[in-house]
Each structure stands twice: as structure tokens, then as C-alpha cells.
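Nothing in this text is a laboratory measurement; each read-out follows from the coordinates by a stated rule. Not measured: the values here are computed from a predicted model. Because the Cβ atoms are built from the backbone with ideal geometry, glycine has one as well, and the counts that use them run over all protein chains shown.
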Amino acid sequence: MGYRYVLRTFSYPRVAAPRGELSFTSWWVNKGSSPIYREYPVAFRFRNSETTSRAVLANADIREWRPGDFLYDDTIHVPHIPEGEYLLEIALVTHPLWEEGVDPRPAIKLAIEGRTDEGWYPLGTIQLRNAY
């Protein structure tokens, strides 16, 4: 495989509202020799000891991420989950249309540390509350 994705930095607000929006900025590097040729969405989930959200897909098309550095900034919708502190996680996942009705699963390993047993990468904590 000719791609090797590294997430260099990821910035986001530390507070958001359930069912609100979360904007982020990120710096990626494809250290490989080619882009990936199949669609694997960038996905996020919010997890704490009581709740794990379904995957929230971003709008990126990683097939366009050629070798070298690139910035990817976007906004995702925060799922309707209870208020509280969550771990925000990221993964490149299977496309949801491949298995209809199945939550996307991590599919591509990133060239960074911290991968969980489920294949997600923690980005940091975020506080979800309605009035902030």
C-alpha cells in the first residue's frame, strides 16, 4: 500500500453543545508514495464510561490526500447524547453504504500512537453542555 497517513495536529473547542456543531482544524501528512484509492470517511465519536456515540462522518475525501502535507478544516454535527465530559476519538472507517444499517468501523491504521483496541485514536476530552 502506498499511503501512510499521519495526523500531526488537531485543534477543536473544548466545549460544545449536544446536537450543536464542532469546528476543527487539522494538519495531516501522507508519508506514502500514493493516495488511497478507496473511500474511507474520516469519522469521530464521543465516548465516556456511560455513553459511546455512533460515528459522525466528516466531509473529507481522503482519496484526494496525495503524498505530502495538507490542512483539513471542517465542522461536524455533535450527536444528541447526554451532557458531560467525553473523549473525542477519530478513525478512518468503512463506508456506511458498504454494510447498510451497520455503524462504520475503523478500517485504516494511522501512523500515530494511541490506537485503541477498537481501532479509534483519542484526540482529547470535550465537555458537552447545552448552555456555554
Worksheet entry | Options (1) 1.81; (2) 2.02; (3) 1.04 - which one matches Cα Rg over 2.2 N^0.38 Å as calculated here | (3)
Discussion item. Explain nothing, just compute: Karplus ³J(HN,Hα) = 6.51 cos²θ - 1.76 cosθ + 1.60, θ = phi - 60°, for every residue of segment 70-82 in order, whole Hz, x for Gly and Pro.
Written reply: 7, 9, 9, 10, 6, 9, 10, 8, 6, x, 7, 10, x
Worksheet entry | In sequence order, calculated HN-Hα J values of segment 111-128 (Karplus, 6.51, -1.76, 1.60; Hz; x Gly/Pro) | 8, 9, 8, x, 4, 7, 4, 8, x, 8, 10, x, 9, x, 9, 9, 9, 9
Fill in: Globularity index of segment 42-101, i.e. its alpha-carbon radius of gyration over 2.2 N^0.38 Å
1.30
Practice prompt. Find which of PRO35, ALA55, PRO96 sits farthest along the positive direction of the dipole of the chain, computed with +1 on the beta-carbon of Lys and Arg, -1 on that of Asp and Glu, about the Cα centre.
Written response: PRO35
